[in-house]
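Here is the structure we will look at, set down as structure tokens.
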Amino acid sequence: MDYRSRRSMLPSTPPAHRRVSSTLSIASTSSSRGDTPDGGVPTNITVSVRLKPALSQPPSSAWPATGTTITAPEVGVFSFDNVFGPGASSRDVYGSVAKRIVNSVVEGYHGTIFAYGMTGTGKTYSMQGTPVAPGIIPLAAADIFAQVSFATTTISVSYLEIYNERVKDLLNPTTTEPDSLKLQDTPDGLVRVRNLRCVRVATAQELKDLVGRGDACRRTEGTEYNSVSSRSHAVLQIFLEKCDPLSRATATSVLSLCDLAGSERAAADTERRKEGAYINRSLLALGTIIARLSSASASSSSSAADSHEHIPYRDSKLTRLLQHSLSGRALVSVLCTIDTNNPSRQAVAETVNTLRFAARAKNVAIAPARATTTTSAAATAAVESLRLDLERERAETEVLKVELAEFRREAYETRARDEEKYDREKRELELQRDALKDRVSHLTRLILGGGAISSDKRDRAELDRYKARVEELERKLAEPSSMPSLPPGPDLVLEKLKAAEAEIRELKEYLADKDRMITTLKRVSTLTTRKTGLKDGTPPQAADTEHALRPLDGSVMNINADTAGEPDVLVNPKVRRSAK
Ligand SMILES: Nc1ncnc2c1ncn2[C@@H]1O[C@H](COP(=O)(O)OP(=O)(O)OP(=O)(O)O)[C@@H](O)[C@H]1O
């Protein structure tokens, strides 16, 4: 049963997780976890082997092969997804190795196809083909352009080679600064080459022409096994940027087609040896990573992408560039080319090594996922609108901050002005109070002097005016709430007002005492006058007898003839003196 008929027997919906049970034994099981992209469900790398036809001698029967197995002499049977005999056409190879991945890329997945094998075994032939027998690259180009809708998809291409661990832009070979072609991670998890030329193409022919121009710039040399041996790894990347017409969201899927340099034994030529060392080093790095991913996949239920094991992708430019594909988020198909017609021990050993590499690759679990949707025009507009909102609010906040600072400054200035005004008024009040005290003392002296009877009414009116004035001042001072509200901080004004109120109260009491004292003194004065009148024969007034020398509440008089002439006879009621 060939691979295609075997595939048709697979359930249409693969089980969530079908693991390969084989270890890295030579007869590794080729059964797969399903090889359709199913959005994160683990599957396996597709691994195929292609035998190079014998070009000049009869085909070797030492490596019997079926559709999925190949037996290495003295080693054993290897099983893969596909084993293509020497008679397989490039179209057959494309149909089984690449077509499904190409279709998946058109649907939005990332896909990688690479050719691996010893030098001269047919990697470039399989990838490029010939005009009469086109290989994977031209067939993939034709397939892509036949499937995509140009209303929603744009296609662009980059083409590079890695030669002696340096990246060269095959679409811009004259670039003067090859070191500027640095590998870097992109936000959507891919690894891209900075400054690499990426050319938009409108037809499959344009794409093929570009590849042809790039191939002309590839580094090739004659080697023991291949007169035009590729001395570099070539990576062609086809980017499909699909735009959703409704949401304007875009997603870019990438098809990477890699024609690796061939592994080989040390050459006699120094330059070839140096190239060979670089080639072997990067292939060794690739082999190591495949081995790690293979054992990680075998020992856990997760895909390579979910493995926590350190994978040394940065050990070479090749593995770094293929990091995204190897780490399990892309569909991967490996085509291993072998030449079983060369009976030399070295060639046989190389072929067995290639098969071992292929067996390990077959064990690597992957979990392909669709390319992440990147910013759409609508999303960009929304983000831009939010950014503008944020900026506007920031500007408003700044204005409010300035206004608040201004308000505070004004409030403090107002408070300072009010305090000053209050202090001024208080000082005036104190002056008035002092003047009142003086006035009251003066009146007291006059009354005590006994000559003020005639001015009694005038004095009383004057005192009343003083009282009214004091009350008016009190009212004014009792109006702190009418002052503007103050910003936070110690409220000195209120404290001062409280103190002033206490002072006013004291002044009121003081004036009340004075009032009582004056009234009493007036009565004394009246009695004295009557006494004098009696002596003179003048009768006493009835009303006046009711008020005979009765002290007012709360005050004690100290009327002493000796002190009557003294100005300060007012006694504070809190300091009582016994009347003589
Ligand atoms: N399947 C095939 N059918 C016909 N000719 C083939 C096939 N495979 C390889 N060849 C021929 O073998 C020669 C070497 O092949 P190719 O250049 O593809 O090898 P390679 O693996 O790319 O070598 P290198 O790694 O040295 O570049 C070429 O002349 C090519 O045409």
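The values are calculated or read from the model by the stated rules, or taken from the named source; none is laboratory data. Bear in mind that the values here come from a model prediction, so they are computed numbers and not experimental data. Quick reminder, even Gly has a Cβ in these numbers, built from the backbone with ideal geometry, and neighbours come from all protein chains shown. Ligands, DNA and RNA are excluded from the accessible area calculation, which covers all protein heavy atoms including side chains. Shrake-Rupley method; radii C 1.70, N 1.55, O 1.52, S 1.80 Å.
At a glance:
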item: Count of residues meeting criterion [closer than 13 Å to Met118 by Cβ and open to solvent by 10 Å² or more (accessible area, probe 1.4 Å)] in segment 353-366; result: 2
item: In segment 132-174, residue farthest from the chain's Cα centre (by Cα) [restricted to those that are within 12 Å of the ligand (Cβ to nearest atom) and in a loop (DSSP other than H, G, I, E, B)]; result: Val132
item: Pairs, first on the phi > 0 side of the Ramachandran plot in segment 140-165, second of a type in the set (Phe, Trp, Tyr) and crowded, with 16+ Cβ neighbours inside 10 Å, C-beta under 6 Å, six or more apart; result: Asn164/Tyr278; Glu165/Tyr278
item: Sole exception among (1) away from the ligand (no atom under 16 Å from the Cβ); (2) modelled with pLDDT under 95; (3) outside any strand (DSSP E or B) for Thr112, by number; result: (3)
item: Residue that is assigned to a helix (DSSP H, G or I) and open to solvent by less than 100 Å² (accessible area, probe 1.4 Å), where the choices are Glu396, Glu420, Glu410; result: Glu410
item: For Ser104: the one exception among (1) out of contact with any helix residue (DSSP H, G or I) (no Cβ under 9 Å at 6 or more places or on another chain); (2) open to solvent by 20 Å² or more (accessible area, probe 1.4 Å); result: (2)
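Rundown of residues vs (1) under 24 Å from Gly122 (Cβ atoms); (2) modelled with pLDDT of 90 or more; (3) away from the ligand (no atom under 16 Å from the Cβ), yes/no style:
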{"residue": "Val191", "(1), (2), (3)": "no, no, yes"}
{"residue": "Gly212", "(1), (2), (3)": "yes, yes, no"}
{"residue": "Thr220", "(1), (2), (3)": "yes, no, no"}
{"residue": "Arg231", "(1), (2), (3)": "yes, no, no"}
{"residue": "Val235", "(1), (2), (3)": "yes, yes, no"}
{"residue": "Thr252", "(1), (2), (3)": "no, no, yes"}
{"residue": "Asp269", "(1), (2), (3)": "yes, no, no"}
{"residue": "Asn280", "(1), (2), (3)": "yes, no, no"}
{"residue": "Leu286", "(1), (2), (3)": "yes, no, no"}
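Residues are listed down the side, and each one gets a yes or a no for (1) part of a helix (DSSP H, G or I); (2) modelled with pLDDT of 95 or more; (3) charged (D, E, K, R); (4) open to solvent by 60 Å² or more (accessible area, probe 1.4 Å):
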| position | (1), (2), (3), (4) |
| --- | --- |
| Leu55 | no, no, no, yes |
| Pro58 | no, no, no, yes |
| Ser61 | no, no, no, yes |
| Thr71 | no, no, no, no |
| Tyr94 | yes, yes, no, no |
| Ala98 | yes, yes, no, no |
